Structure formats: C-alpha cells, structure tokens
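Enquirer: If you scroll down you'll find the structure; I have some questions about it.
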Amino acid sequence: MKEYDGAVLFVDILGISALTTSSVSIVEECDFKALSSRSKKFGGNQLFCARLLSKFRKNLSQCETKGLKIAQFSDCAFLWSKNESVVVDAAKKLFERNTEIGVFARGGMTFGQIIEPEKTNKSLGQFICGNAVTRAAQLESSGKGARIFIDREIGGRQIHGMSPKAFEGLANPSDYRMVDEFLWFSSPSSLEIRAEKLERLKNLISLLIRFQHAPAFRWNAASKPGLIHLGATVERLVAASRQLCSELELNLPQYTWLTSEQFQEIYEKSWHSECEYRKKRAKFEKHWKAAMGRCQ
C-alpha cells in the first residue's frame with residue numbers, strides 16, 4: 001500500500017433512492033426526452049436510473065486529466081489527487097456538466113490521508129481508502145441541495161487561479177453550526193475584474209433559472225425529498241446572486257428570488273417544462289440587456 005496526502009471529492013446523485021424504491025413510476029416520457037433528445041425507448045424508474053448513471057459516468061470521463069484518479073460506484077464516485085487544484089477544478093467542471101445534463105448531485109471534499117494499493121486490478125475499478133476519503137463521504141450529507149461541502153483542511157489551502165472567496169462558511173439553519181462549502185456555481189478567479197464578475201453573475205442567474213425550470217429536473221421535483229433539495233439549491237443560488245448584485249451595485253428584477261420554503265409552497269409541475277424554461281430565459285435576457293444599458 002502507498003499512503004500520501006491529497007484532495008478527495010465524493011459525489012452522490014440525489015434522488016436515486018426515491019427513484020429505485022418507489023412502487024409507482026416517478027418518471028414520464030418527457031423525463032427521458034429531457035435526459036437524451038435521441039432516446040427512443042421509454043420505460044419506468046429503473047430504466048431511467050440506468051440512463052442517468054450512464055450520463056453521470058460520461059460526465060466523470062470528461063473530467064479526466066493528468067494526476068486525477070476517478071472511481072465510480074453506481075450512483076456515487078470518488079475523485080482524488082495529490083494536487084488539490086486538480087480536484088477543485090474537476091469538481092467545478094463535473095457539477096457544471098451535471099447541471100447541463102440534468103444529473104442532480106451533491107458532494108463532499110477535503111484534504112488529507114489517502115491510501116491505495118501499489119498495484120490495482122483495473123478491471124475491478126480503482127481502490128481508495130484513508131481518513132480524507134472517509135471525511136469526504138461524511139461531509140457530503142452536511143446539507144441540502146446541489147452543493148459541495150468541505151472542511152477547513154481544503155478550504156484553507158491555496159488553489160491555483162482561484163480566489164479564497166470560492167470557499168465560504170455559512171450557518172446551518174437547523175443548528176446554526178458553521179458549514180463550509182466550495183462555491184462551484186460562483187467561483188471567482190484570483191484576479192477578477194468587473195467584466196468577469198458581471199459574466200459570473202449572468203451565468204449564476206442562468207443556472208438558477210435552469211434549476212427552477214429546465215425539464216431535466218422535473219423528476220426530482222416529483223418527490224418530496226427531491227423538491228426539498230431543489231428548494232435548497234434555489235435558495236443558495238439566490239443568496240449568491242444577491243451578494244454579487246450588491247457588490248456590483250446592480251438592480252435586477254426580483255422574480256427569481258425565492259427562499260427554499262417559498263419554492264416548495266408555490267411549486268407547480270408546469271414549472272419544469274421546455275416552454276416555461278424558454279420563457280424565463282427570454283425574460284431574463286431582456287432584463288439583463290436593460291441593466292447593462294443602464295450601466296454604460
């Protein structure tokens with residue numbers, strides 16, 4: 001066995017338990033089409049789950065880079081490296097890709113002891129254990145939503161090209177203990193200028209609208225736990241958007257600003273549809289152009 005210090009990311013797809021244990025079908029034909037426009041075969045929860053895991057595996061493969069190791073175990077995966085910057089970059093890329101495809105996931109990331117064999121039978125997959133591995137898996141369940149929870153072991157390290165503001169601590173509403181996270185959805189560079197900050201805000205609100213209305217997330221909202229996770233994701237992105245608007249002294253319409261509770265209370269099935277998604281994106285683009293015109 002070889003032992004070394006490195007960064008570990010644990011990722012778990014949300015909603016799989018509800019999907020595979022439900023006695024009734026959660027998914028519909030529109031969910032298969034949202035996951036893959038070329039899909040011709042539609043079925044129930046289990047077939048959809050298999051398709052989702054296949055998409056997740058493809059997203060993981062697109063994160064492959066020198067020095068990074070990846071192991072998938074059904075609906076979860078570990079990504080690790082001696083170089084923490086490589087893992088952080090992969091985390092951001094993976095979660096962005098997941099959101100584009102419709103893979104609703106949550107993660108835990110830390111830095112510390114990694115143990116792996118000198119030689120591995122690759123046909124059985126990668127093998128990893130160690131203190132950092134255990135902590136990453138535990139951190140994943142620290143809160144709700146499509147977020148990456150971390151501890152100070154990695155949050156306090158210098159990540160190449162990324163501002164320390166990409167790592168933030170928040171109070172957990174349930175017990176008010178501090179929970180640290182990596183802001184994959186709004187990660188400023190180390191030398192960010194105003195134009196880059198504006199672009200980050202635009203991407204952040206586009207991401208918010210996607211979670212609220214893209215048909216790929218309809219099936220998540222079909223179960224109570226999934227709706228809670230979506231609400232938490234929306235509220236966290238709203239908080240980040242508001243903070244950026246304040247820093248930029250920019251006023252945008254408040255139509256997308258919802259708390260998790262509000263999102264769950266007023267949610268309707270029609271929210272996650274191609275028609276609604278296009279309408280909300282067009283509305284935002286209109287307001288964005290008007291706001292940029294006032295800035296000039």
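Enquirer: Any idea how far the Cα center of the range 183-226 sits from the one of the range 71-133, in Å?
Expert: A separation of 22 Å, based on Cα centres.
Enquirer: With θ taken as phi - 60° and the coefficients 6.51, -1.76 and 1.60, list the Karplus ³J(HN,Hα) couplings across the range 45-51 in order, rounded to whole Hz; mark glycine and proline as x.
Expert: For the range 45-51, the Karplus curve yields 4, 5, 5, 5, 4, 4, 5 Hz.
Enquirer: Along the charge dipole of the chain, which of S54, S187, N131 sits closest to the positive end, that is, farthest toward it, with unit charges on the beta carbon of Lys, Arg, Asp and Glu (+1, +1, -1, -1)?
Expert: S54
Enquirer: Quick one: 3J(HN,Hα) in Hz for the range 151-165, Karplus 6.51/-1.76/1.60 with θ = phi - 60°, rounded, Gly and Pro as x.
Expert: 10, 5, 4, 9, x, x, 8, 7, 9, 4, x, 10, 6, x, 5
Enquirer: Same structure again: Calculate one ³J(HN,Hα) per residue across the range 275-287 by plugging θ = phi - 60° into the Karplus curve 6.51 cos²θ - 1.76 cosθ + 1.60, and present them in order as whole Hz with x for glycine and proline.
Expert: 4, 5, 4, 5, 5, 5, 5, 5, 5, 5, 4, 5, 5
Enquirer: Could you work out the relative contact order of the chain, using alpha carbon pairs under 8 angstrom and six or more residues apart, expressed as a whole percent? Let's see the in-between values first.
Expert: Working: 484 pairs, mean separation 52.9, N = 296.
With pairs under 8 Å counted, the relative contact order is 18 percent.
Enquirer: Among the listed pairs K58/K283; K33/K92; K197/K280; K92/K202, which are separated by more than 28 Å between their Cα atoms?
Expert: Values: K58/K283 32 Å; K33/K92 26 Å; K197/K280 22 Å; K92/K202 17 Å.
Pairs exceeding 28 Å: K58/K283.
Enquirer: About the Cα centre of the chain, what is the dipole size in debye to 20, counting +1 per Lys and Arg Cβ and -1 per Asp and Glu Cβ, all else neutral? Write down the numbers at each step before the final one.
Expert: Working: 43 positive and 33 negative charges, 216 e Å.
Once rounded to the nearest 20, the dipole reads 1040 debye.
Enquirer: Among I266, Q243, G231, whose Cα lies farthest out toward the positive end of the dipole of the range 175-296, if unit charges sit on the beta carbon of Lys, Arg (+1) and Asp, Glu (-1)?
Expert: Value: I266.
Enquirer: Return the long-range amide H neighbours of D180 (sequence gap of 5 or more, or a different chain), with a cut-off of under 5 Å between placed amide H atoms.
Expert: Under 5 Å from the amide H of D180 lie the amide H atoms of I150, L170, each far enough along the sequence or on another chain.
Enquirer: Using amide H atoms built 1.01 Å from N in the peptide plane, name the residues 5+ places from S163, or on other chains, whose amide H lies under 5 Å from its own.
Expert: S189, S190
Bear in mind these aren't lab numbers, they're just calculated from the coordinates by the rules spelled out. For clarity, every value in this text was computed on a predicted model and none was experimentally measured. A quick note on method: Cβ atoms are made from the backbone with ideal geometry, for glycine too, and the neighbour counts reach across all protein chains shown.
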